[in-house]
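A.B. asks: Can you keep this structure in mind? I'll have questions shortly.
The values are calculated or read from the model by the stated rules, or taken from the named source; none is laboratory data. Note that the coordinates shown come from a computational prediction; the quantities given were computed from them, not determined experimentally. A quick note on method: Cβ atoms are made from the backbone with ideal geometry, for glycine too, and the neighbour counts reach across all protein chains shown. Just so you know, the surface numbers come from the protein's heavy atoms only, side chains and all, with ligands and any DNA or RNA stripped out. Shrake-Rupley method; radii C 1.70, N 1.55, O 1.52, S 1.80 Å.
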Amino acid sequence: MEISSASNLCLHLISCAFQRCRLSLQLCRISAVLKSLSPSILQISISDTGIGSCLEEFQDLNCSSIIAAEFWDGILSVKTTAICDDEIYHYHLNLRKNISSSRTLTRLPSNPKNGLKFSGTEVYLSISESIDVLVSEINHFFQKIMILNIPNIAIEVVTEREDIPGSRCENVFLANKSNPGPLSTSNVECLKSGLEDYVSRHGNSLTQKCNTCFATSERLKVGSGIACSTENHKSSGLMMEVVVIISELESKCPCFRECSSKTEVLYFKDFTPCSISHSTLNVLSTIDWQSYGLTLENVVDQGVCVLEWGDSPSHSQIDMVLHCYNKQYPMHKTQPEQHLIKKAFTAALNNLKETHPGILRSAHALKICSHAPDLARSIAGLILSSNDPDFQGECFSLLGLESREIGANAVEDCIQEKIVSVIEMNDRKPRQRNVVAPSLFEDDCDHDSNYQDKEYEEGEDEFLYLD
């Protein structure tokens, strides 16, 4: 892995600590301690109480650009122990050596645990970097990683300037403090809760939920989906998790901004926030957004992925997050399977349609729904103008209405509600391909996207959406 800066190296080491903690399934702590010895010398300690390190995670680091710029001497000091170990093991790793050579760890004398049962890892290094710049990047990193909302991890950032007495400062990050979940909560459920918290604080611009926009949970419409590759000798089991939220915003809210025509897609790879790849951008452009009443005008790469909509509900905002990770850790290098991304997004959008009737109707369903009032009015007129009481009674019974309480508006509204319900039910059904007989809810444009679906449907996978 290419590491281009001292800050990227620190964030990578923190990410490794995060992985070790989330695999422990126990309450864990990550501590990043930065101590400034002088304006140009910074001591960094990154420790965790997760599972012990297998040390493979340090072997493929390529830090040649940092070392060449003399920001760092290339030495990592590592202490680690597993729950079953009797000792705390100490190592030095010299990253000045090429990855292609036999880069080895120098083992130092270990310390006994004296019968105690615990696990954890500490990585120590000394670099030439400004403490203010690095702390700012680390805090921003942790704010983003909180969206994953892993419930068993608490994080602290400690800074201290040796030349300034009393300068010690601590900053603590906890997963969804307002609504903590059990340790057994699945990753996708944690992701749903984390994105809800992120959206309700208007993208971390507030420290607490905006009660003006989100006084009730009904303002947030949430859908989630999963796609995964089958575990075999070639794959460790790649997971794709997607959460989509449509939120209703109050124009009187001070945080309101006219941004409903754009959606930033948050992207995490192996529990680390990162920029989205061009191949993933291409996949997003092939999704049949019109089946969900959305017109995608453009996919923009501005350091972050931004989807620009041609038409979107007024006073509403669409937020999305994609997380791609391997079930195992350390993981072998794998490229995201592009067809899984499309399946996970489709599953999340379908879940959103099923759990929240009336939203994400396809363009064709919207067109048919526009005729529902006239059709309902005509049918109600036929029923009410009939002179046959048995016919009227049967109609009222089918509609679930009591005949003696019937008014023209009530009959018309009931019929319209049932027509729209049937339209929505058909709109939620999977599109049938290669069907000779025409379907009421099938557009000609569906056939045009067949080749796009086949492009990403190679390989073994599973996908589902969650209630």
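A.B. asks: In region 135-153, is there at least one residue being more than 27 Å from Y267 (Cβ to Cβ), open to solvent by 20 Å² or more (accessible area, probe 1.4 Å) and modelled with pLDDT under 90? Lay out the reasoning, then the answer.
C.D. replies: Step one: filter region 135-153 for residues more than 27 Å from Y267 (Cβ to Cβ), giving none.
The answer is no, given that none of the residues of region 135-153 is more than 27 Å from Y267 (Cβ to Cβ), open to solvent by 20 Å² or more (accessible area, probe 1.4 Å) and modelled with pLDDT under 90.
A.B. asks: Tell me, please, whether a residue that is part of a strand (DSSP E or B), without any contact (Cβ under 8 Å) to a residue 60 or more places away in the chain and among the acidic types (D, E) can be found in region 170-177.
C.D. replies: Filtering region 170-177 for residues part of a strand (DSSP E or B) gives 170-174.
Next, only the ones that are without any contact (Cβ under 8 Å) to a residue 60 or more places away in the chain stay: 170-174.
If we keep only those that are among the acidic types (D, E) too, we end up with 170.
Yes, region 170-177 has at least one match.
A.B. asks: Among the residues of region 181-218, write down those that are at pLDDT below 85 and in contact with a Leu (Cβ under 8 Å, 6 or more places away or on another chain).
C.D. replies: L183, C213, F214
Conditions (1) part of a strand (DSSP E or B); (2) loosely packed, with under 15 Cβ neighbours inside 10 Å, marked per residue:
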{"position": "E264", "(1), (2)": "yes, no"}
{"position": "S279", "(1), (2)": "no, yes"}
{"position": "S291", "(1), (2)": "no, no"}
{"position": "E308", "(1), (2)": "yes, yes"}
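A.B. asks: Here's another thing I want to ask about it. Can you tell me how many residues within region 183-200 are of a type in the set (D, E) and surrounded by 20 or more Cβ atoms within 10 Å (Cβ to Cβ)? If you could, list the steps in order and put the result at the bottom.
C.D. replies: Residues of region 183-200 that are of a type in the set (D, E), as a first pass: 189, 196-197.
Next, from what is left, pick out any that are surrounded by 20 or more Cβ atoms within 10 Å (Cβ to Cβ): 196-197.
Total satisfying the criteria: 2.
A.B. asks: May I pose another question? If I ask for residues that are farther than 24 Å from S128 by Cα, at pLDDT 90 or above and open to solvent by less than 30 Å² (accessible area, probe 1.4 Å), which ones from region 21-51 would you list?
C.D. replies: Of all residues in region 21-51, those farther than 24 Å from S128 by Cα come to 21-29, 49-51.
Still in the running and at pLDDT 90 or above: 21, 27-29, 49-51.
Across region 21-51, the qualifying residues are C21, C28, G50.
A.B. asks: Another question, then. Can we say R404 is open to solvent by less than 70 Å² (accessible area, probe 1.4 Å), modelled with pLDDT under 85 and of a type in the set (K, R)? Break it down stepwise before answering.
C.D. replies: Numbers: open to solvent by less than 70 Å² (accessible area, probe 1.4 Å): no; modelled with pLDDT under 85: yes; of a type in the set (K, R): yes.
Taking the combined requirement at face value, the residue does not satisfy it.
A.B. asks: Suppose we keep only residues that are of a type in the set (S, T, N, Q) and either at pLDDT 90 or above or within 23 Å of C414 (Cβ to Cβ) (or both) within region 336-354. Which one would you say is least open to solvent (accessible area, probe 1.4 Å)? It would help to see each step written out before you state the result.
C.D. replies: Within region 336-354, the first condition is being of a type in the set (S, T, N, Q), and the residues that meet it are 338, 346, 350-351.
Still in the list and also either at pLDDT 90 or above or within 23 Å of C414 (Cβ to Cβ) (or both): 346, 350-351.
Values: T346: 40, N350: 41, N351: 2 Å².
The selected residue is N351.
A.B. asks: Check whether at least one residue in region 370-383 is within 32 Å of the chain's Cα centre (by Cα) and at pLDDT 85 or above, and report yes or no. Spell out the reasoning first.
C.D. replies: Filtering region 370-383 down to residues within 32 Å of the chain's Cα centre (by Cα) leaves none.
No: zero hits.
A.B. asks: If I filter region 384-413 down to residues being among the aliphatic types (A, V, I, L, M) and not in a loop (DSSP other than H, G, I, E, B), which single residue comes out as farthest from the chain's Cα centre (by Cα)?
C.D. replies: Taking region 384-413 as the starting set, the residues that turn out to be among the aliphatic types (A, V, I, L, M) are 384, 398-399, 401, 406, 408, 410-411.
This time we only want the ones that are not in a loop (DSSP other than H, G, I, E, B), so: 384, 398-399, 408, 410-411.
Numbers: L384: 53, L398: 45, L399: 43, A408: 48, A410: 44, V411: 45 Å.
Top of the filtered list is L384.
A.B. asks: Looking at region 201-224, which of its residues are polar (S, T, N, Q) and open to solvent by less than 40 Å² (accessible area, probe 1.4 Å)? Before the answer, list the steps.
C.D. replies: Restricting attention to region 201-224, the residues satisfying the condition of being polar (S, T, N, Q) are 204-205, 207-208, 211-212, 216-217, 224.
Hit for region 201-224 is S224, nothing else.
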